[in-house]
1. For an R0 of 56 angstrom, estimate the FRET efficiency from the Cβ-Cβ distance between residue 17 and residue 74 and round to the nearest 0.05.
2. Hey, can you rank 252-263, 125-136, 321-332, 223-234 by average C-beta count inside 10 Å, highest first?
3. Hey, can you find the accessible area per residue of the chain for me, probe 1.4 Å, expressed in square angstrom?
4. For the peptides 102-109, 76-83, what is the packing order when you average, over each peptide's residues, the other Cβ atoms within 10 Å and list the highest mean first?
5. Place a +1 charge on the Cβ of each Lys and Arg in the range 117-159 and a -1 charge on the Cβ of each Asp and Glu, then give the dipole magnitude about the Cα centre in debye, rounded to the nearest 20.
6. Which of the lysines could a cross-linker span from residue 342 if the Cα-Cα distance has to be under 26 Å and same-chain partners fewer than 8 positions apart are dropped?
7. Given a 1.4 angstrom probe, I'd like the percentage of the accessible area of the chain that is carbon and sulfur, rounded to a whole number.
8. List the residues, sorted by chain then number, that are 5 or more residues from residue 54 or on another chain and whose placed amide H is less than 5 Å from its amide H.
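The values are calculated or read from the model by the stated rules, or taken from the named source; none is laboratory data. The shown structure was predicted, so the numbers you read here are calculated from the model rather than taken from an experiment. When we count neighbours, we look across all protein chains shown, and the Cβ atoms used for this are built from the backbone with ideal geometry, even at glycine. Note: areas computed on protein heavy atoms with side chains; ligands, DNA, RNA excluded. Shrake-Rupley method; radii C 1.70, N 1.55, O 1.52, S 1.80 Å.
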Amino acid sequence: MICFENDYAEGAHKRILKRLMETNEEQTPGYGMDEHCEKARTYIRKACDVGNADIHFLVGGTQTNTTIIASILRPHQGAVAAITGHIAVHETGAIEATGHKVLTLPSDDGKIKAKQVKELYDAHWNDVTHEHMVQPGLVYISHPTENGTTYSKSELEELSKVCRECGLPLVMDGARLGYGLVSKDSDLSLADIARLCDVFYIGGTKIGALFGEAVVIINDDLKKDFRYLIKQKGGLLAKGRLLGIQFETLFEDGLYYEISNHAVEMAMMIRKAFVEKGFSLRYDSKTNQQFPILPNDVLMILGKKYSSSFWEKVDATQSVVRFCTSWATKEENVEMLIEDIKKLEYGCVNGVLT
C-alpha cells in the first residue's frame, strides 16, 4: 500500500538523522538551554526578521496549541476559530479540557474573515448580558488551513488590523506552515507572518523532523512566564537539544523550504491528474493536501493500492477524500498514481485497473 493518507507517515530527513547521530554523545544542558537550541533560535529569528522574538520548542501540534492558548486566555475567555479549525475538530476537546471554549465561525474554505471577527466581537460587547457569555479572548487561524487553503497577505493584514483594534491576540497554527509558504497561491513570507501575528509556530513534525514545533512569540505582553506554562502542560522536554538540533538543521541553509517545495510539487502533479481526468476538487488547495470528489467505486479501485483520508460524504455515490503528500513523497509513487488515474474507467463498479 502506498500512503497518501497524511504527511507524517515517514520518519525524518536523512540530514536530521545524521546530525542526531553526530551529536548523540554530546553532553549539553537540558530543557532547551543548549547551544543547538540557541543556534536554531538565531536562524529562525533571522528568517522572521525579528531579532527579539521568543522561541520555544515543543513536541507536537496539539500540545503546542493547548499551551499557547492556555497561556493567553483568562478563565472566562475563549478562542475564536473557523468551525473547521483544527482546535475545533481534531484535538479531542484539548482546548476545552483547559477550561476554554472554542468559539466557532462559519467557513466553507477553512479561513475566517476580518469582518466575521469584528461582528462576533461587537455582538458580544453590545449584548447587555455579555458577562453571562464566554468572552472572545484570541483569534486562532491555520496557514494552510485544514482544507489546504492559504491566507493572502491582504487577508492576513485585514485580520491582524481588526484583531489589534479589538485587543484580540492573533495566533497562527503553523503545523504545515512550510507547505503554505511555498504555495504558488501564497504571497506571505515568514517575515510577514511575524509582523502580523502575535504568536505563531513553525511545524516540524509534518515537515522533515521526527517531531517538534517551534513557537515564535512576537508580542512582548505574551512572553512572560511561557516556559512555566510549557512545563505545566508537560511540554518541557528534558533532552531539549533533540528539538533544537532538528530545527537547526532545517533552518541553517533553507532545507525547510526545499523539502516543503518538493511536497507541494508532488501534490500539484496529483491535482493535475485528477482535474484532467474530469474530477472536481472540493477545495482550491495549492498546498500538499488535495481534495478530489470521487465516485465511491473509483475510491474502491484506488484504495486497493493507495491509502487516502476520507473527508466528507457528498451524496450516496460520491465522497471527498484527501490525498496528502509530504517532504518525503517519492516521485515514482506519484507517477504510478497518475498512471492509474489515467486508466480509470469512470463509474465502473468493482472494476480493476487495466
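1. Working: r = 43 Å, r/R0 = 0.76.
For R0 = 56 Å, the calculated efficiency reads 0.85.
2. Working: 252-263: 18.8, 125-136: 11.4, 321-332: 20.8, 223-234: 14.8.
In descending order of packing, they fall as 321-332, 252-263, 223-234, 125-136.
3. Working: 15610 Å² over 354 residues.
The answer is 44 Å² per residue.
4. Working: 102-109: 17.2, 76-83: 21.9.
Listed from highest to lowest mean packing, they are 76-83, 102-109.
5. On the way: 2 positive and 8 negative charges, 26 e Å.
Rounded to the nearest 20 debye, it is 120 debye.
6. Qualifying lysines at Cα under 26 Å: 184, 272, 277, 286, 304, 305, 313, 330.
7. Details: 8010 of 15610 Å².
C and S atoms contribute 51 percent here.
8. Correct list: 217.
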